[in-house]
Structures are given as structure tokens and as C-alpha cells.
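**Student:** Have a look at this one before I ask anything.
The values are calculated or read from the model by the stated rules, or taken from the named source; none is laboratory data. The shown structure was predicted, so the numbers you read here are calculated from the model rather than taken from an experiment. FYI the Cβ positions are ideal-geometry reconstructions off the backbone, even for glycines, and counts take in every protein chain you see. Calculation scope for accessible area: heavy atoms of the full protein, side chains included, ligands and nucleic acids excluded. Shrake-Rupley method; radii C 1.70, N 1.55, O 1.52, S 1.80 Å.
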Amino acid sequence: MPPPLQGITVLDLTRVLSGPYCTMLLGDMGARVIKIEQPGKGDDTRSWGPPFVEGESAYFLSINRNKESVTLDFKRPDGRAVLDRLLARSDVVVENFRPGTLGKLKLDYASLAGLHPRLVYCSISGFGHTGPRAHEPGYDAVIQAEGGLMSITGAADGPPCRLGVAIADIASGMFAAQGVTLALFARERTGHGQAVDIGMLDSVAALLSYQAAIYFATGFAPSRMGNRHPLIVPYETFAASDGDFVLAVGNDDQWRRFCGASGFPAGDRFKTNAARVTGYAELKPLLDAHLRTRTRSDWIGRLGAAGVACGSVRDLHEVFADPQLCARDMIAQVEHSRIGALKLLGVPVKLSATPAELRAAPPTLGQHTDAVLQQDLGLDATEIASLRTHGIV
């Protein structure tokens, strides 16, 4: 069976990460994604690097598969005419301009909904399209800071830290893709599209989950605790004799199994999680001393056999050598028009009947401009040449 979004056309007006991540997810599930890029420049991330692979940015390559690239200056009348024709053929628009920017061009949802009542229009911005901060720009590092993530990330005696990936952008892109699919599902019932409004600050706040619950319950802001969990002990990184590993004891039964498999002399002092949390200052040094006595692989073998969750702290070389990822098709390969064989991450959502497809490599700038203008809009070679001469495409 075809993937679930086959037959859906997405007009992608996004750039950088949050929007392209959203449209990549939609493309993976079968949607046709037409990515509109600025002539001669393209998505900002095309120039981000090194590393570059045959002149193509590794960053851009990571989030733009399953898309067609069309260069188009839609701020000019002839370009806008082309965009309007593409809009008429689209089910979804995704954009991540600052609120108000597309309104000046009559390309916001309010301007388009009357002409295209079935259109699903997704906007991703720093703070959403309502509220006192709606018109402020949003950048991942700033949103991680203002959303509270940095305040709870890092060593207790160290500075606040941002995550090793742009989690505010990525989470916003994931929520946006969810919003688009929900709006498409609702359209099947109502016959009408709707606006999907995603704020990066909202997305990060939603990730706070139990940390927010701690604040709501106590009135005190949680502090940084390094790799330690605030509510579960032991649930953090420990040093074995040859490197770090993570021990995740999620309940009291696992604690008993941990003690039995590791030979840790716990006694009755720490038999409940509550006792381990309140007695952390006493327990942690005892665990540190005990776990330093063996290698990571020894501990992981012993504890894993006992059903205690644990794992090495691995670098990406180790991660991508894991046969589990290969077995799950999480390392994929596509043929790129300039690079040749290109490795990409696979799709983590595994559907049994309508699986995702990696149909196409990330496009070169404007790779599909002529094909879309000819095959979708019926323009001939002379008309396309004129648009190109005038810098429209």
C-alpha cells in the first residue's frame, strides 16, 4: 500500500530547521513537498558548514530529503503569479516567517483561506501568532534559554547548558507535522482546512513535563542536577573502571535485581525509591565506589542479564556501528544527483501496512524548477527562460 500522505501536496515556504524538519516528516510519509527557495541563494542552511559534501551542506542534507526544490522570487508580481498557481494545487502550506511578514504580502492564512477553503496552513514561529511576544524572532538557543531547558541542563555546579541538538527547532517541527496531519484528518470530516499555529516557546514548555509538575507542586524551580533524575535513584551516569555508563533503576523491583546482580550491599536503608531519593547524598558515594570496580561491558552484561536497564555512553561512531540501527533501517542510503551514494538517517515511525519511503535525496538548489513549471503549471521553455532572465526563478 502507498504511504499514508500520498496524494497530499505541501507547499514549503520554510527555511533553516523547524519548518524543514516538519516538511521532511510529511515527505517521508508520502506527501509531495515543493520547497520554494530564493533564486541564487536558497535555504540559509545551504551555506552552513563545513562540513560540505561535494559542495552540499551536511546540515541541509540532514533535513531536506523527499522534497523538490523550486527557486522563485514570490515578492515580485510574476513570481507571485507562479506561487498563486502552486497554491491552488496545494493541500498544505508550511511557513516559518516572523508573524506579520507574510501578511504584508497577502500570503497569511486570513488572506488565503477564502480563496482556498480546504487549505491547511501551518505557521511556526518563536512565540506563536498571539500574545504580547508574538512579533519577536525565535532562535533555538534563545528559546532553550527562555523556555527553561537550559536552567535544568548541566552540572549542578556548572553553567546552564543547551542540548547537543537544536531541540526547540526539532520539537517545534515535530509538533507542526502532528498539527498538519490532525488538520488533514479533520478536513476529511468537515471539508475545510484550518490554521495550525506552532510557537517554539510553547513547544519547549510542553517538553518540561515532570519538571513543570515539580514546580507546580512545590512552587520551587527545579535546579540543574547533571545527569541525575530528580525523582528516581539511581538513574544517572556512573564511572566504571574504563568509562561511563548509564544506570536506570526505575522501580524497587529493579533495585533488588540490581543489588543481587551487582553484589551491592544495600541492606534495608534504601529499599524504596523514596528512601533512595531522600538518602541520595549517602547512597551516591557508595554506588560510585562499587561501580568503579568493573568495566562497562562487565556491568552491562551482568545487569542486563538481570533485567536492569543500563548502557554505555557512546559517541556517534559507536552508535552507528550498532547492528540494531541497521536492523531497524535507521541508516539509509539514497542516490544524490551531485554526491552519488548518500547516507541519511532512516524514519523512526514504522507503519506495518503503509510504511514511510525515502524516495528522493535532498535536492540541489532549483533542481526541480523547470519540471514543476512545465509539468504542473504548463509553462513552456520560452516562458521559463524569460522568468529566469528576469531573476524570478
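**Student:** From the residues in region 252-263 that are in contact with a helix residue (DSSP H, G or I) (Cβ under 9 Å, 6 or more places away or on another chain) and under 17 Å from R302 (Cβ atoms), which one is surrounded by the fewest Cβ atoms within 10 Å (Cβ to Cβ)?
**Tutor:** Step by step, filter region 252-263, then rank; the result is G263.
**Student:** Quick check on E188: is it farther than 25 Å from R224 by Cα, acidic (D, E) and out of contact with any Gly (no Cβ under 7 Å at 6 or more places or on another chain)?
**Tutor:** Taking the combined requirement at face value, the residue satisfies it.
**Student:** Can you name the residue in region 134-149 that is in contact (Cβ under 8 Å) with a residue 60 or more places away in the chain and out of contact with any Gly (no Cβ under 7 Å at 6 or more places or on another chain) and, of all such residues, is nearest to R98 (Cα to Cα)?
**Tutor:** D140
**Student:** Go through A239, A183, A177, A205 for me and flag whichever is under 17 Å from G148 (Cα atoms) and among the hydrophobic types (A, V, I, L, M, F, W, C).
**Tutor:** Selected residue: A205, the only one of A239, A183, A177, A205 that is under 17 Å from G148 (Cα atoms) and among the hydrophobic types (A, V, I, L, M, F, W, C).
**Student:** I've got another one for you. Can you find a residue in region 157-170 that is more than 18 Å from S203 (Cβ to Cβ), surrounded by fewer than 14 Cβ atoms within 10 Å (Cβ to Cβ), touching a residue at least 24 places away in the same chain (Cβ under 8 Å) and not hydroxyl-bearing (S, T, Y)?
**Tutor:** Looking for residues that are more than 18 Å from S203 (Cβ to Cβ), surrounded by fewer than 14 Cβ atoms within 10 Å (Cβ to Cβ), touching a residue at least 24 places away in the same chain (Cβ under 8 Å) and not hydroxyl-bearing (S, T, Y), one finds at least one in region 157-170, hence yes.
**Student:** Within region 57-70, count every residue that is open to solvent by less than 10 Å² (accessible area, probe 1.4 Å), assigned to a strand (DSSP E or B) and in contact (Cβ under 8 Å) with a residue 40 or more places away in the chain.
**Tutor:** 2
**Student:** Sticking with this one: Suppose we keep only residues that are assigned to a helix (DSSP H, G or I) and of a type in the set (D, E, K, R) within region 33-56. Which one would you say is most open to solvent (accessible area, probe 1.4 Å)?
**Tutor:** Once the filter is applied, the top-ranked residue is D44.
**Student:** I want to confirm something. Restricting to region 78-118 and keeping residues that are in a helix (DSSP H, G or I) and among the small types (G, A, S), which single residue is most open to solvent (accessible area, probe 1.4 Å)?
**Tutor:** Among those that are in a helix (DSSP H, G or I) and among the small types (G, A, S), it is A110.
**Student:** Do we have A266 as of a type outside the set (V, I, T) and either modelled with pLDDT of 95 or more or more than 23 Å from P230 (Cβ to Cβ) (or both) here?
**Tutor:** So A266 fails the test.
**Student:** State which residue pairs qualify: first residue more than 17 Å from P20 (Cβ to Cβ) and inside region 89-100, second residue buried (at least 22 other Cβ atoms within 10 Å of the Cβ) and of a type in the set (S, T, N, Q) in any location, beta carbons under 9 Å apart, and separation of 6 or more residues or different chains.
**Tutor:** Note: pairs meeting the criteria are P99/S123; P99/S125.
**Student:** Consider T218 against the criteria (1) more than 30 Å from R294 (Cα to Cα); (2) under 24 Å from the mean Cα position of the chain (by Cα); (3) open to solvent by 20 Å² or more (accessible area, probe 1.4 Å); (4) not aliphatic (A, V, I, L, M): it satisfies all of them except one. Which criterion is unmet?
**Tutor:** (2)
**Student:** Another one. Report, ordered by the first and then the second residue, all pairs with beta carbons closer than 9 Å, sequence separation of six or more or different chains, a first member in region 250-261 that is over 14 Å from C310 (Cβ atoms) and part of a helix (DSSP H, G or I), and a second member that is open to solvent by 50 Å² or more (accessible area, probe 1.4 Å) and polar (S, T, N, Q).
**Tutor:** What qualifies is D252/T272.
**Student:** Every residue in region 231-251 that is of a type outside the set (A, V, I, L, M) and exposed (fewer than 15 other Cβ atoms within 10 Å of the Cβ), please.
**Tutor:** Listed by number, the residues that qualify are T237, S241, D242, G243, D244, G250, N251.
**Student:** Limited to region 330-384, what total is found for residues that are open to solvent by less than 50 Å² (accessible area, probe 1.4 Å), aliphatic (A, V, I, L, M) and over 16 Å from F60 (Cα atoms)?
**Tutor:** Number satisfying all stated conditions: 10.
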